[in-house]
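Comments concern the structure below.
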């Protein structure tokens, strides 16, 4: 695996600062994707969540620096998805950074119908993807594209994305947690006395997660979860998880 330079690491840290502080219902809104397009140079980058069983788009956000503003729709994609060199890898459970040229040559790709009907209209010649671990019917993928005017993605690009992957997973989880907070206890009077972290922990408690599971979800120590719960109990005037949840529901 290629080592990243000091400059690359500084760019990664700058991107993470933006990604973790972005306030949006989307885990990767356009301004975050724009920053990614400079970190991994490309003409366009998108984040898509697909329900592959129902052949529907759950979430789709994109940022394009250059190229056509419109092209073939998802009906074309679904019709030809079986020809896509990377989709077969995603649905087989591979989530690391992969590029089309890992599996087929440019000549082989151009012989496929998906190239004529999908890649060429979007002016995409090279593609690099990284997935977020998920059920195989519900894929979550960041897709980077370059036109034929630019060289293929290289090992530096792959290394950057593989290094970022654990953080991309956390950004997605934190955004989903914010949505659950907005839909649940976040608006109650009792929750108003809690910090954002304490509310996050209570949402996960409500979902039945153990202290160890909460620690893994939030990337904090098991003892830190216990301390947060102690603070929650004190602020809410209760002595147990069940009582804390009941206090929120009553307020």
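No value in this document is a laboratory result; all are computed from the given coordinates. No experiment lies behind these values; they were computed from the predicted model shown. Please note: Cβ atoms are built from the backbone with ideal geometry, for glycine as well, and neighbour counts cover all protein chains shown.
What the table shows:
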item	result
Rounded if a/c under 1.5, otherwise prolate or oblate - the stretch 71-146, Cα gyration tensor axes	prolate
Radius, Kirkwood style, for the stretch 18-108 when every pair of distinct Cα atoms is counted (Å)	15.1 Å
Percent breakdown of C-alpha pair distances by 5 Å bin, ordered from the shortest bin, for the stretch 184-250	3, 19, 34, 27, 13, 3, 0
Length-normalised contact order for the chain - Cα pairs under 8 Å, 6+ apart - percent	18 percent
Å³ per residue enclosed by the Cα convex hull of the stretch 32-161	101 Å³
Alpha-carbon Rg/Rh ratio, for the stretch 92-220, with Rh computed the Kirkwood way	1.14
P(r) weight above 21 Å for the chain, C-alpha pairs, percent	63 percent
Nearest-ten-degree value, helix 222-236 long axis tilted from longest Cα axis of the chain	50 degrees
Fewest-first sequence of 171, 203 by Cβ atoms within 10 Å of each Cβ	171, 203
Cα-derived Rg over Rh, computed across the stretch 1-58 with Rh taken as Kirkwood radius	1.08
0 to 90° range, to nearest 10: angle between helix 30-39 axis and the chain longest Cα axis	60 degrees
Between the stretch 2-56 and the stretch 139-160, the alpha-carbon center distance in angstrom	12 Å
